[in-house]
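For reference, the structure discussed in these notes is given below.
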Amino acid sequence: MATFTWYYYGSTTPDWTDISTNTIVFSGTGGIATPITVGTWNSETHIGSGDPGTDQCGANHCKSVKYVSSTQYDSGSGTETLNDTNLVATECTLRVAFTDGSSVATSNARFYAFDGTTETNEAVGIECYAFERGVSATAWTLINDDSGNTGGDNSGERLSLSDQGAGTEHFFYVALSARPESVGSKTQFDFGVALTYS
């Protein structure tokens, strides 16, 4: 049976840990419940029990990757150029695993943001960028911009993920950064992933 599992690098012992039924929470400096000022990017990323709920990260928090410019990021050590050398796999926000009991190849994989209800609708009041590590990319991809009517599982509004050859396990390493476009909680904000396999 084919399965997607979402992981973050953290928890009690630093390792890839299943997010399970928890949520990814972007916040300002100061913890999971610290709001992000409108128009500024997340300073922290946490795993929460709700929106935001309580922090489920454990002793080692989910990695936070902050958008600086189309080709730059900050993961806590200052501004760096976005590439596979500088951003290592364990600095990424997520590792999405696709597994199947049979050996399969993947194609047409994509990662997207949406409103939590309709997969082709953008998330409300959010701007969000994504980056896949390990494919020689050098720039962020805009996957949600509510004010620009961008987002959802639509061509040109999502992050295309790498095609992968036959195997029972496939991993996609994704960095994410988000900022609010207006005041107020942003609970209509989810992520999705889809692909074809054979």
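The values are calculated or read from the model by the stated rules, or taken from the named source; none is laboratory data. Since we're looking at a predicted model, the values are computed, not measured. Neighbour counts run over all protein chains shown; Cβ positions are idealised from the backbone, glycine included.
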Name the single residue, out of those in the range 43-86 being assigned to a loop (DSSP other than H, G, I, E, B) and among the acidic types (D, E), that is farthest from G31 (Cα to Cα).
D84
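Rundown of residues vs (1) at pLDDT 95 or above; (2) farther than 30 Å from G101 by Cα, yes/no style:
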position: A2; (1), (2): no, no
position: S20; (1), (2): no, no
position: I24; (1), (2): yes, no
position: T40; (1), (2): yes, yes
position: S43; (1), (2): yes, yes
position: D51; (1), (2): no, yes
position: N60; (1), (2): no, yes
position: S77; (1), (2): no, yes
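Let's see how each residue does on (1) charged (D, E, K, R); (2) within 16 Å of I24 (Cα to Cα); (3) surrounded by fewer than 22 Cβ atoms within 10 Å (Cβ to Cβ):
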position	(1), (2), (3)
T106	no, no, yes
A123	no, yes, no
G134	no, no, yes
D145	yes, no, yes
Among the listed residues A33, A109, identify the single one that is among the aliphatic types (A, V, I, L, M) and in contact with a Phe, Trp or Tyr (Cβ under 9 Å, 6 or more places away or on another chain).
A109
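State yes or no: is W16 part of a loop (DSSP other than H, G, I, E, B) and aromatic (F, W, Y)? Write out each step before concluding.
Working: part of a loop (DSSP other than H, G, I, E, B): no; aromatic (F, W, Y): yes.
No: the conditions fail for W16.
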Mind checking which strands (runs of 3 or more DSSP E) fall wholly inside the range 94-198 and carry at least 1 residues that are closer than 21 Å to T3 by Cα?
94-114, 126-133, 164-180, 190-197
All but one of (1) within 16 Å of the chain's Cα centre (by Cα); (2) exposed (fewer than 14 other Cβ atoms within 10 Å of the Cβ); (3) modelled with pLDDT under 95 hold for K186; which doesn't?
(2)
Take the residues of the range 35-63 that are without any contact (Cβ under 8 Å) to a residue 40 or more places away in the chain and small (G, A, S): which is surrounded by the most Cβ atoms within 10 Å (Cβ to Cβ)?
G48
Test: residue in the range 15-34 that is farther than 21 Å from G192 by Cβ, more than 17 Å from the chain's Cα centre (by Cα) and touching a residue at least 40 places away in the same chain (Cβ under 8 Å)
no
